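Colleague: The structure is given below, and queries will be raised subsequently.
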Amino acid sequence: MQIDASITEIINQALLEDLSHGDITTEALIANNWQGKASMLIKEEGILAGTEVARQVFLKVDPELQVDILMHDGIRVKLGDIAVTVSGSITSILKAERTALNFLQRLSGIASETARYVEAVIGLPVKIMDTRKTTPSLRTLEKYAVTMGGGENHRRHLGDGILIKDNHLVALRRHGLDIKGIIAQVRHKAPPNLKIEIEAKTVAEALEAIEAGADIIMLDNMSLDEMRQVVQLFKGQALFEASGGITLANVRAVAETGVDFISIGAITHSVKALDISLELEIV
């Protein structure tokens, strides 16, 4: 991945958490001239993501370290694989260890969970997408990890698309606007190149949104029968996104209703980090 200024700042802030007061243990026990080699060891099967971020963490702590990426992002890894090796000052390696692992484990966990959903709907014409339910300040990295797992990104920020949700509707209806009026207003005021997506909780609301000219209908927490009914009635008139209550147990059934997209907050907000450790050798 491309390490731009925003990601560099994320790395800097993460290192500041650990090193703002130094590393008392390492500095008290490890001589500065001791050399070693460390391996980032995979301890369970999954999809790798974040290797370049981990590399940059080590180099930020000590530009003299030799960091080699042996397995690249998007690759399926298994127990015993070595993703990255680091050679040089043991003091520097130990100072960077936890921050580098935190990034690599977290992002690999997201990529791995995304891949499970993608694999669950294989063969069906549907896209697995993320949401904005991301860790504060880490959205860029977490959405990158989703793509490494085979998923696609929904909105990256609030200026990245028009999505009229339930709380927008509550406020607007209180001021006398119906769905037709809401769609007309946003078409008049928003950039013309953006598609208009609107949330619908019932078949009737989906019909109203279709008649108002929405481009994408988010079917929010609908039953399988309701989703299937909406898609069958209005296929070709808009695109359909399923959202809410999606799990690995039901994602294929949701996909089989014919929706175009399935958005899943859990692939970023509730994932388990991939088990990866850093093993040190003395050289």
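Where a number appears in this text, it was derived from the coordinates with a stated rule and is not lab data. What you are looking at is a predicted structure, and each value in this text was computed from that prediction instead of being measured. Glycine gets a Cβ as well: all are built from the backbone with ideal geometry, and neighbour counts include every protein chain shown.
Colleague: Restricting to DSSP loop positions (anything but H, G, I, E, B) with no more than 13 other Cβ atoms inside 10 Å of their own Cβ, which trypsin sites (Lys or Arg not before Pro) remain in region 131-187?
Modeller: Lys165
Colleague: What does the extension gain come out to for His269 and Lys235, with contour length at 0.36 nm per residue minus their alpha carbon separation?
Modeller: 9.1 nm
Colleague: Right, here's the next one. Given R₀ = 51 Å, FRET efficiency for Asp225-Asp62 by Cβ-Cβ distance, to 0.05?
Modeller: Result of the calculation: an efficiency of 0.30.
Colleague: Cα centroids of region 41-81 and region 112-187: how far apart, whole angstrom?
Modeller: 29 Å
Colleague: Then there's this: With +1 on each Lys and Arg Cβ and -1 on each Asp and Glu Cβ, and nothing else charged, work out how big the dipole of region 118-269 is about its Cα centre, in Debye to the nearest 20.
Modeller: Rounded to the nearest 20 debye, it is 480 debye.
Colleague: Lysine pairs in region 118-269 with Cα distance under 15 Å, only those 8 or more apart or on different chains: how many are there?
Modeller: Eligible lysine pairs with Cα atoms under 15 Å apart amount to 7.
Colleague: I would also like to ask the following. Using only the alpha carbons of region 163-231, what is the convex hull's orientation-averaged projected area in square nanometres?
Modeller: 4.5 nm²
Colleague: Hey, another quick one. Name the residues whose placed amide hydrogens come within less than 5 Å of the amide hydrogen of Ile47, ignoring near sequence neighbours (fewer than 5 apart) on the same chain.
Modeller: Val77, Ser112
Colleague: In addition: Starting with the highest mean, order 60-66, 21-27, 99-105, 232-238 by the number of other Cβ atoms within 10 Å, averaged over the residues of each peptide.
Modeller: Ranked by mean Cβ neighbours within 10 Å, highest first: 99-105, 60-66, 232-238, 21-27.
Colleague: Can you work out ³J(HN,Hα) from phi for every residue in region 133-146, in order, using Karplus 6.51 cos²θ - 1.76 cosθ + 1.60 and θ = phi - 60°, giving whole Hz and x for Gly and Pro?
Modeller: Running phi through 6.51 cos²θ - 1.76 cosθ + 1.60 with θ = phi - 60° gives 7, 10, 5, x, 6, 10, 4, 4, 5, 5, 5, 4, 4, 4 Hz.
Colleague: Order of His188, His269 from fewest to most other C-beta atoms within 10 Å?
Modeller: Final ranking by Cβ density, sparse to dense: His188, His269.
Colleague: Between Met71 and Glu17, with labels modelled 7 Å along Cα→Cβ, what's the label distance in nm to one decimal, could you check?
Modeller: The two pseudo-label positions are separated by 2.4 nm.
Colleague: If r is the Cβ-Cβ distance from Asn193 to Thr8 and R0 is 35 Å, what FRET efficiency results, to the nearest 0.05?
Modeller: 0.70
Colleague: Which of the aspartates and glutamates could a cross-linker span from Lys272 if the Cα-Cα distance has to be under 15 Å and same-chain partners fewer than 8 positions apart are dropped?
Modeller: Once the sequence-local aspartates and glutamates are set aside, what remains near Lys272 is Glu44, Glu45, Glu113, Glu142.
Colleague: So what is log10(I(q)/I(0)) for the chain at q = 0.11, 0.12 1/Å, when the Debye sum runs over its Cα atoms only?
Modeller: For the requested q values the scattering log ratios are -0.71, -0.80.
Colleague: Label Lys180 and Ser277 with points 7 Å out from Cα along Cα→Cβ: what is the distance between them in nm?
Modeller: 6.6 nm
Colleague: Residue farthest toward the positive end of the dipole of the chain, with Cβ of Lys/Arg at +1 and Asp/Glu at -1: which of Asn153, Ile11, Leu41?
Modeller: Asn153
Colleague: Scaled to the compact-protein estimate 2.2 N^0.38 Å, what is the alpha-carbon radius of gyration of region 139-283, rounded to two decimal places? Write out the running numbers ahead of the final one.
Modeller: Values: Rg = 18.5 Å, N = 145, 2.2 N^0.38 = 14.6 Å.
Taking N as the residue count of region 139-283, the ratio is 1.27.
Colleague: Between Asn250, Met71, Ala54, whose Cα lies farthest towards the positive end of the dipole of the chain when Lys and Arg beta carbons carry +1 and Asp and Glu beta carbons carry -1, centred on the Cα centre?
Modeller: Farthest towards the positive end: Asn250.
Colleague: Using unit Cβ charges (K, R positive; D, E negative) and no other charged atoms, how large, in debye to the nearest 20, is the dipole of the chain about its Cα centre?
Modeller: With Lys and Arg at +1 and Asp and Glu at -1, about 680 debye.
Colleague: Give, as ranges by residue number, the residues of region 102-133 whose backbone N falls under 15 Å from the point 7 Å along Cα→Cβ of Arg156.
Modeller: Counting backbone N atoms under 15 Å from the label point, the list is 130-132.
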